[in-house]
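Everything on this sheet refers to the single structure shown next.
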Amino acid sequence: MPSAVPAVGLHRITKRFGDVVAVDTVDLEIADGEFFALLGPSGCGKTTTLRLIAGLEFPTTGRLRIFGDEVGTLPPNRRPVNTVFQNYALFPHMTAEENVAFGLRMRKVSKAEIEPRVRDAIALVHMEGMEQRRPDQLSGGQQQRVALARALVNSPKVLLLDEPLGALDLKLREAMQLELKALQREVGITFVFVTHDQGEALAMSDRIGVMDGGRLLQVGTPEEIYARPANRFVADFIGHANLLDGMVTGPDQVTLTNGITIAAPSNIQPGGHVAVTLRPEQALLHPWGGAPEHHTSVDGQVEQVTYLGNALIYRVSFQWMHIDVRSENRPGGDPVSAGDEVTVSWEPSSVAVVQD
Amino acid sequence: MIGGTARPGSVTAWALSGTAWVVYAFFYAPIVLLVVFSFSDDRNVGRWGGFTLSWYEQFIDHSQLQNSLWVSIRVALLSTAISVVLGTLAALALERFRFRGQRVFDALLYLPIIIPDVTMAVMMLLFFSEGIRIAELLFGLDLTKGFTTITISHIAFNISFVSVVVRARLSGMNEQLEEAALDLYANRWRSFRYVTLPQIAPGIAGGALLALTLSLDDVVVTQFASGPGSTTLPVFVFGMIRRGVTPLINAVSVVMLAASIVLVILSLVTQRLRTGETGRSLGDRPRRRSDSSV
Ligand SMILES: Nc1ncnc2c1ncn2[C@@H]1O[C@H](COP(=O)(O)OP(=O)(O)O)[C@@H](O)[C@H]1O
Ligand SMILES: [Mg+2]
């Protein structure tokens with residue numbers, strides 16, 4: 001049974017390095033058993049947040065709890081968490097097996113107990129037969145597995161992973177995403193996973209926290225973050241989005257900077273500068289004037305067609321603005337090419353209005 | 001011809017290989033002569049008088065030479081042991097911690113490497129002549145010049161060399177390894193003992209061999225720090241030369257040369273360990289060999 005107490009609780013945590021504010025008044029609760037991703041561009045403070053939880057940094061201000069216990073000033077060796085470091089940080093002078101056994105040895109677990117636990121951990125990450133190899137005799141993917149086993153063997157209450165797939169090539173990374181997710185379900189440990197890859201975060205996480213400039217901008221499920229971005233940065237960072245700048249000019253109505261007024265529900269006061277976000281796959285392309293009744297639509301001209309293999313991206317310009325429309329590449333249907341006059345439409349509920 | 005590599009048989013090739021031979025001759029002819037005449041049965045160095053081992057027998061029987069050899073070895077071992085500990089600690093302090101006055105400490109630590117031997121020697125002389133008086137006054141210590149003062153002066157210059165070598169090794173080490181150890185429930189001491197120390201061990205061994213060699217070779221500083229009772233082998237030999245050169249000097253030199261060669265070979269072996277086993281650039285991206293095997 002997952003505990004009702006949050007696995008990790010950050011309460012107004014700030015971390016400064018001299019003048020740099022690496023983490024800026026972050027409030028965050030991560031539930032027991034959750035696969036939580038911290039997502040953001042490089043330098044946004046993800047690693048620092050993770051190191052604060054690990055105890056490798058101490059907060060400048062704020063409070064940090066792990067399963068309800070105040071741990072803000074405890075050293076790393078007295079916290080029930082373990083870390084998979086960005087470049088694995090395996091001990092080069094030890095074999096894979098010795099690396100995995102290290103944490104148990106340091107906690108003075110008896111030899112009789114260490115042996116089966118190390119064996120189980122190595123089996124968990126499918127590294128049987130590699131026990132006697134040193135890190136430099138292992139591939140990147142294998143080192144990654146040893147690093148995972150080295151952390152998991154200690155049965156931490158929370159596992160912290162800093163861009164663990166960042167050094168792997170694409171194919172392997174995709175395979176490891178699935179495997180890591182399955183592993184997390186199997187062991188039932190809370191995972192806090194740092195990544196700058198939004199696709200990875202969407203694919204793997206129960207919830208995502210989006211960071212920028214040290215601040216936590218939005219926390220939510222992948223669906224929430226994708227469909228209801230909290231601000232312009234999140235909308236732009238997650239997936240591909242059309243961002244149409246404008247101003248709220250009435251209830252549920254936005255006038256775009258090119259003068260066209262469209263329906264866009266929001267609770268922002270009239271006069272507010274906003275951007276209407278529309279995902280390319282939510283927009284539909286029709287022959288001129290062929291939009292369904294209840295849709296919001298604009299008329300324009302196809303400017304460019306980009307072939308993606310499984311899909312096509314049509315860039316449609318309308319009054320100095322443009323919208324990208326993504327349509328699956330299916331046989332049949334009228335071919336549309338650059339220069340054609342078209343109408344773009346979408347369900348009114350599929351747009352989100354965001355502020356900066 | 002690309003990049004100026006000489007064609008075999010060309011004039012350039014002849015000139016280059018000729019030069020190489022001359023340089024080798026320049027290096028090794030004196031050594032060969034030294035070794036050859038240490039077996040010559042004639043009092044005059046440079047005149048061959050038939051083969052003998054008598055100069056080596058004299059060396060073994062010469063109580064003053066034996067005494068100074070013994071002093072040399074003891075000074076070398078003790079000063080190396082102490083400077084390895086202190087030098088490593090200094091290196092750790094400079095690489096891993098930030099403290100007030102660090103820059104100054106850093107600069108001062110390297111001073112013994114760059115100041116001339118003679119200056120160092122005079123410093124030591126002054127230090128000991130004052131130090132002995134103060135030590136006697138304050139602690140009742142008996143610090144007459146001899147074994148103790150020689151050892152202290154050797155420690156003084158060896159610390160610098162050891163810390164330079166160890167620091168180079170430390171700065172090449174991935175600091176995240178220590179963090180990983182802390183994360184895996186090691187305290188600071190155990191993280192040092194099980195992670196840092198094995199990583200810098202080749203550096204420490206290299207530093208120790210360097211210290212040993214420097215201590216065994218030193219003449220200038222030792223001359224100022226040694227007293228009438230005890231002195232090291234190189235200083236004693238230096239004194240003997242002034243009284244006239246016999247092949248006995250050659251025999252002693254050959255023994256010293258042999259010792260140096262052994263040390264050099266040992267240091268090469270540790271170098272190999274350094275590059276072979278643990279000395280990779282640890283901060284690098286892990287190498288991929290067979291990622292597809294996953
Ligand atoms: N030890 C440090 N000293 C000074 N500045 C640091 C330190 N660690 C991180 N920073 C700064 O804090 C900010 C956040 O860094 P980091 O948490 O590593 O970002 P991310 O992991 O998201 O790329 C960056 O501007 C970085 O330069
Ligand atoms: Mg980072």
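Things worth noting here:
- For the protein assembly as shown, DSSP calls about 75 percent of its internal beta bridges antiparallel.
- Convex hull (Cα only) mean projected area of region A:114-206, reported in nm² to one decimal: 6.1 nm²
- Segment A:Ile313-A:Thr60, length gained on full extension (0.36 nm per residue, minus Cα span): 86.4 nm
- Note on B:172-179: average number of Cβ atoms from other chains within 10 Å of each residue's Cβ is 4.
- Cα pair count fraction exceeding 33 Å, expressed as % - region B:63-280: 26 percent
- Antiparallel bridges, percent of DSSP beta bridges restricted to chain A (to nearest 5): 75 percent
- Here region A:122-161 and region A:17-81 have alpha carbon centers that stand 24 Å from each other.
- GNM top mover of A:Asn77, A:Asn231, A:Asn329 - chain A, alpha-carbon springs below 10 Å: A:Asn329
- Note on A:74-82: average number of Cβ atoms from other chains within 10 Å of each residue's Cβ is 4.
- Exposure proxy order (Cβ contacts within 10 Å, fewest to most) of A:Met127, A:Met321, A:Met211, A:Met247: A:Met247, A:Met321, A:Met127, A:Met211
- A:Arg133/B:Met123 FRET efficiency (R0 41 Å; Cβ-Cβ; nearest 0.05): 0.20
- Average Cα contact separation per residue, chain B, under 8 Å, 6 or more apart, as relative contact order %: 28 percent
- Under 25 Å from A:Lys46, Cα to Cα: lysines that are on another chain or at least 8 residues apart: A:Lys15, A:Lys157, A:Lys171, A:Lys181
- The long axis of helix A:96-106 is offset from the longest Cα principal axis of chain A by roughly 70 degrees.
- For the peptides A:191-197, A:212-218, the ranking by packing is A:191-197, A:212-218, with the highest mean count of neighbouring Cβ atoms within 10 Å listed first.
- Cut-off 16 Å (backbone N to label point 7 Å along Cα→Cβ of A:Val109), residues of region A:140-161: A:146-159
- Trypsin sites (Lys or Arg not before Pro) within region B:183-270: DSSP coil, no more than 15 neighbouring Cβ in 10 Å: B:Arg243
- For the protein assembly as shown, the orientation-averaged shadow of the C-alpha convex hull comes to 48.0 nm² (one quarter of the hull surface).
- Relative contact order, percent, region A:75-204 [alpha-carbon distance under 8 Å, six or more residues apart]: 33 percent
- Listed residues B:Phe139, B:Phe236, B:Phe105, most fluctuating in chain B (Gaussian network, C-alpha, under 10 Å): B:Phe139
- Of A:Gly33, A:Gly209, A:Gly166, the residue with the greatest mean-square motion in the GNM of chain A, using alpha carbon springs below 10 Å, is A:Gly166.
- Chain A, relative contact order [Cα under 8 Å, separation at least 6], %: 15 percent
Coordinate-derived values only; no laboratory data. Just so we're clear, the structure is a prediction, and the values are computed from it rather than from any experiment. Note: ideal-geometry Cβ built from the backbone for every residue, glycine included; neighbour counts use all protein chains shown.
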